[in-house]
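Written below as structure tokens is the structure these notes are about.
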Amino acid sequence: MQTSCPWLLRYLAAASIISRKGTASASRTVRTSLPTIVKLIQAEQYQYSDPITTFLTDVYVDFDFEQAQKSLKDAETVLDSDFFLWEFKGEFLENARYVVSEAYCRIHQRIDIADLSARLNLSPSEGEKWIVNLIRDSDSRSSLAGDAKIDLEQNVISTSKPSVPVYQSIIEKTKGLAFRTQVLGAAMAKRAAGDTTADGEGAEKENVGGSGGKGRRGGGKGAPAAAAQS
């Protein structure tokens, strides 16, 4: 895809956004694969980019939420003209707002609702309703889950993020290391066993060939002697 059809990155980016709030298994898969998708888009920016792919890099690479707001507006035009994506426009915009709000709340502890509404391309009243519904429906994986409070007097959202112990982060990062090491060792053992089998078969063939040649040479010497006796 990177060399032959980089324009498919648009659909990869759109799928990662649309599936962001799908089923639990689909959402988990998207969350784990999204960093890889963003790196892929970033690497191929020199030969292909559009408002949809730019939106992801604005949010997850540059953390430029003003530019992400502009990219999201431009993405609406792209979605209207794309044959494969136009019917998913509503889902895309809804999930894109979710992506922006989650990333924005992850790096801010005190958020002005009017400011966040503007970054989501919503009016203050629409943004307030949308944010309230977002906090209410947030699952345990969201940065707004359980620890977000709305102060309607000051019109702000306050979030408290518990610090993660260092040893816990190390455990999370190295959790799959033992399994990957085991798989790598099994693959190397299988490869070594295959090479040993191939060497054994080759040696056996050489032995068979050598004994056959000796027999033929011995038969050649015995034939004249038999002829002389007759």
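Things worth noting here:
- Computing FRET efficiency as 1/(1 + (r/R0)^6) for Asp50 and Asn155, where r is the C-beta to C-beta distance and R0 is 41 Å, gives about 0.70.
- Here the peptides 117-125, 39-47 are ranked by packing, the mean other Cβ count within 10 Å, and the order with the highest first is 117-125, 39-47.
- Leu152 contributes about 110 Å² of solvent-accessible surface, heavy atoms of the protein only, 1.4 Å probe.
- Rg then Dmax, both in Å and based on the Cα atoms of the stretch 1-119: 13.9, 45.
- Members of Lys129/Lys173; Lys149/Lys175; Lys89/Lys129 lying beyond 30 Å, as alpha-carbon distances in this model show: Lys129/Lys173; Lys149/Lys175
- Probe 1.4 Å - accessible area at Tyr60, Å² to nearest ten: 60
The values are calculated or read from the model by the stated rules, or taken from the named source; none is laboratory data. Source: prediction; values computed, not measured. Note that we place each Cβ from the backbone using ideal geometry, even for glycine, and neighbour counts take in every protein chain shown. Just so you know, the surface numbers come from the protein's heavy atoms only, side chains and all, with ligands and any DNA or RNA stripped out. Shrake-Rupley method; radii C 1.70, N 1.55, O 1.52, S 1.80 Å.
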